[in-house]
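Below is one structure, written out as structure tokens; comments come after it.
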Amino acid sequence: MPKPLASPFRQLSAALALALLAAAGLPEQAQAEKADRDKALNIVSEKGGVYDAVKQHTEFNGDVILSKGSMLLRAETLSLRETRDGYILASAVGKAGQPVSFRQARDVPGESIEGVAGQLEYDSRSDTVRFIGAATVRQMRGTTVLREVSGALLVYENRSERLSIEGGQASPNPRGSVRMTIMPRSATEPSAPASAVPLQAVPPVPRNPS
């Protein structure tokens, strides 16, 4: 599979990125949805595709949707190859004004990881997603953004939730920089429902003596 950005992740080290995430309070024990690993991989394409049985290679074109459990990937084109030991290598490309999009639930109820990029690569063996070109990844709680990271190349490891970040000309930020935004805890924690407010005990009304 071609590697459009083959340089090592040195412009912002993985250690620094992980330190920032740890400082933001990302739970180490929180994993991407574990049940997804045992789910079937499904692909739907608007215009169909071509399957090469000898090379175990398939090309899909036109509004392609790949799903595997809670994982959902949308792209304009998708190239998929199956290895001899049954793993999947996929490369997805978007089009002008419509980048590749990715979403997967976390084991934390109500939370998910969402991302967009010009190109995306998925390796089912390592359960790793590479966001290539104008890449942005968000940690969500429902529709609320908890954290957002952007750069030229983001590499997300589903099993450990480790994120490596690289800047460069393909970054969506000025001067090719990388960026991380962390929302304050007070802005992301849901307010307690009215039913959670403790009720005051009401003394019984005394009866009139007969």
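Take the conditions (1) open to solvent by 20 Å² or more (accessible area, probe 1.4 Å); (2) assigned to a strand (DSSP E or B); (3) farther than 17 Å from THR128 by Cα; (4) among the hydrophobic types (A, V, I, L, M, F, W, C); VAL54 misses just one of them, which is (2).
Residues in the range 57-78 that are under 18 Å from VAL116 (Cα atoms) and either part of a strand (DSSP E or B) or of a type in the set (A, V, I, L, M) (or both): 15 in all.
Can you pull out the residues in the range 91-119 that are without any contact (Cβ under 8 Å) to a residue 40 or more places away in the chain, closer than 23 Å to LEU146 by Cα and of a type in the set (Gly, Ala, Ser)? Result: SER101, GLY110, ALA117.
The values are calculated or read from the model by the stated rules, or taken from the named source; none is laboratory data. Given the structure is predicted, the values throughout are model-derived calculations rather than measurements. With ideal geometry, Cβ positions are generated from the backbone for all residues, glycine too; neighbour counts draw on all protein chains shown. To get the accessible areas, we keep the full protein, side chains included, count just its heavy atoms, and leave off ligands, DNA and RNA. Shrake-Rupley method; radii C 1.70, N 1.55, O 1.52, S 1.80 Å.
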